[in-house]
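> First the structure, which I've put down as structure tokens, then a few questions once you've had a look.
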Amino acid sequence: MKLSVITDEISQDLEHAIRVMQEYGVTGAELRGLWNVNIADIDDATARRAKKLLDANGIKVSSIASPFYKCDLFEQSGEVKGPMHLATPRDLSEQIDMLHRCIDLAHFFETPIIRVFSFWKRGDLTPDIEKRIIDSFAEPVKLAEQEGVVLVLENEHSCYIGTGAEAARVVRAIGSPHLRICWDPGNALCAGETPYPDGYEAVREMVAHVHVKDGVLEDGKVRFVVVGEGVIDYTGQFDALRRDGYTGWISLETHARIDGDAERASRLSLQALRQWIEE
């Protein structure tokens, strides 16, 4: 397993984020927000600036953390129903063009992994909605196969596919090695699933990328905390990843804040993650 971090969980200033990463031996950068612009919206000059910094510091890009399919499944609407992390709202008709751009960026940053989603959740996930989600991935998966990249579907509680069990059903139904799972135990917790062992047991054969955040339940909702201080059994989760031979990236996405400070929460979380990975 290799340690990565979504850089804007530390700072929008990539140069500062890299300095912090190096303090903790982090060798992978997942790119989402760079200098207050979402990765899907950066221009070529910004991409070159970021690549130069990463290369100069020996940092590999673990994933392009795109906002693909953070949109409405049923309408040509740009209405936002969850966190966008600076991304420009786009309706369904604009998603494939955006995916093309993210694929170009994946090639430029030399990573095969592009994180994707499953549409804003508007009510329960029904069999008809699930089939429509599956059908909607036909063109993106074909494109991924042609371009030699892997789309990793993140289980995201603000989208229809929030649990490991749901993500596993969709990815298994599509049946392509170019669509795998970005396993996020924290999001599974928010969606009402026990992340480990229940959620992981469902996805274990399809995991190509891992996000790490932790949380506690307060009044029926999840409050994100420093990794290791929440209710998720990360000791068991990391033991299971080792047993299953997972050699990919473990990417920190705390979402936690200490007195409003994301960097401080990320530093404490990186300390805990290093210990788990080194063990």
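> Out of all the residues in the range 43-54, is one or more in a loop (DSSP other than H, G, I, E, B), touching a residue at least 60 places away in the same chain (Cβ under 8 Å) and not hydroxyl-bearing (Ser, Thr, Tyr)?
In the first step, residues of the range 43-54 are kept if they are in a loop (DSSP other than H, G, I, E, B); the result is 43.
Next, only the ones that are touching a residue at least 60 places away in the same chain (Cβ under 8 Å) stay: none.
No, that holds for no residue.
> In the set Arg180, Arg204, which member is basic (Lys, Arg), assigned to a helix (DSSP H, G or I) and free of Cβ contacts under 8 Å to residues at least 60 places away in the same chain? I'd like the intermediate steps shown before the answer.
Values: Arg180 fails: assigned to a helix (DSSP H, G or I).
None of the others qualify; the one that does is Arg204.
> Follow-up question, since we're still on this one. For the range 244-269, what are the residues that are buried (at least 24 other Cβ atoms within 10 Å of the Cβ), under 20 Å from Val152 (Cα atoms) and of a type in the set (Ser, Thr, Tyr)?
Ser251, Thr254
> Something else: Filter the range 11-58 down to the residues that are out of contact with any strand residue (DSSP E or B) (no Cβ under 9 Å at 6 or more places or on another chain) and either of a type in the set (A, V, I, L, M) or crowded, with 22+ Cβ neighbours inside 10 Å (or both) and list them by number.
Those that are out of contact with any strand residue (DSSP E or B) (no Cβ under 9 Å at 6 or more places or on another chain) and either of a type in the set (A, V, I, L, M) or crowded, with 22+ Cβ neighbours inside 10 Å (or both): Leu34, Val37, Ala45, Leu53, Ala56.
> I've got another one for you. Tell me, which residue of the range 81-120 that is within 21 Å of Lys142 (Cα to Cα) and among the polar types (S, T, N, Q) is surrounded by the most Cβ atoms within 10 Å (Cβ to Cβ)?
Ser118
> Mind checking which pairs have a first residue in the range 89-101 that is over 10 Å from Phe68 (Cα atoms) and a second that is surrounded by fewer than 17 Cβ atoms within 10 Å (Cβ to Cβ) and polar (S, T, N, Q), Cβ under 8 Å, 6 or more apart or different chains?
Partner pairs satisfying both residue conditions: Asp91/Gln76; Asp91/Ser77; Ser93/Gln76.
No lab work stands behind these numbers, since they all come straight from the coordinates. Note that the coordinates shown come from a computational prediction; the quantities given were computed from them, not determined experimentally. When we count neighbours, we look across all protein chains shown, and the Cβ atoms used for this are built from the backbone with ideal geometry, even at glycine.
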